[in-house]
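One structure is given here, and the rest of the page talks about it.
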Amino acid sequence: MKLFRVSRISMAVAFLLFFAGSLKLSGIAAQNEAAAAQESVQSLQVTANDEIAAGDTAGHHVHLHPLRAPAAVGHRYEDPEIRQGNRQNGSSGIETGSGATNSALSTVPGVPAPGFYPADLSNSTHGKVLTSVQSNNVYVNCAANCWGTPSTFLARLAVSNFIHVTDEYAGATGNNRYTVGTATSINTPLPAKLSSNNILQLVHTAARAHGSGYDHIYHIFLRSGVDVCTSANVCYSPDNTSTFVFCAYHGSVDFQDIGHVLYSVEPYQNVRGCSVAQPSPNGALVDSTSSTLSHELIETITDPDGNAWFAQSSLIEYGAEIGDICENPFGKYGAFAISGKSYAIQPEYSNKYHSCATMP
């Protein structure tokens, strides 16, 4: 009886500690969300120096988030322009995820026996990963609400259980490591179809103000109706299906003046081929934006320069990163809680479970 009594006391103490921890995380989430709702946004202009810097780069690497369509799924695309530029600089070129159709919607603890999904990630060269980083949103020619609530989602994601799926790759377990910093608003004349050079001008504009290196990721948000291409026939172009290949991408680049910069490009996601299937908890705009944003952020954390964690042991999935393997070709995702608020967003791949997961 004494042992039973001690056991009950221990269980009560454990429950209280868990409850207190949950309240603490909920409190942090609420504080982060409140801060995100009052997001600090700095207005900047693209200058002649930004234009010059965009044309004087090295080591430019991008990884595409493929369109959910037969034309894009299962193919790899190499950008001739980036490939040639990097060949001159002695570095690797563009990479794309496989966008495989056999995306796993398995839940923890994993797939049936023998329990191996044929695409575990490897980091054979011990490439750089991010144990912490600050996201800086860059809103181009439109206010933040043009994309829903990206800063609020990132603030919730920062203290969620979901973000800890990255722990096994990053080698860190602390909470609130992936924070949200000052945003940038850029209003500038741009063509209806942006090139890589146009994007790098925007990236340089934000990075010269807020910092370069592995401490920041600049998320470039493009409004509805704006296309972006990495080469002539590899584009986000809902208005031109013949070149519509990807929904978003993340990349890294070395500028001669400010050094290494990490970024992602987030075109308008509420379009066919990129949007989350409806109905979803927050509607097509918010959940589609959030799903792609988490995809690009988490892939940048685990493979910022294209030489860290990606599938290397599978011909089907070769080159796919943590988010690519779990991308559903129909955009159908079961909703789950991100710091207490439900979102319909994609899971991420876990070597631990050999499957797609929403928790560590």
Among Ile217, Ile258, what is the fewest-to-most ranking by other Cβ atoms within 10 Å? Ile258, Ile217
Partners for Lys352 among aspartates and glutamates (Cα-Cα distance below 12 Å; same-chain residues under 8 apart left out): Asp120, Asp167, Glu168
Between Thr188 and Ala69, what length in nm is gained on full extension when 0.36 nm per residue of separation is reduced by their alpha carbon distance? 39.6 nm
For a label point 7 Å from the Cα of Lys341 along Cα→C-beta, name the residues of the range 275-295 whose backbone N is under 18 Å from it. 276, 280-295
Burial order of peptide ranges 52-60, 136-144, 264-272 (average beta-carbon count within 10 Å, highest first): 264-272, 136-144, 52-60
Among all the aspartates and glutamates, which ones have a C-alpha under 13 Å from Lys341's C-alpha, if same-chain residues fewer than 8 places away are not counted? Glu33, Asp287
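Taken together, the values in this text are just the output of simple stated rules run on the coordinates, not laboratory data. Predicted model, so just to flag it, every value in this text is computed and none were measured. Reconstructed Cβ throughout: ideal geometry from the backbone, glycine too, with neighbour counts over all protein chains shown.
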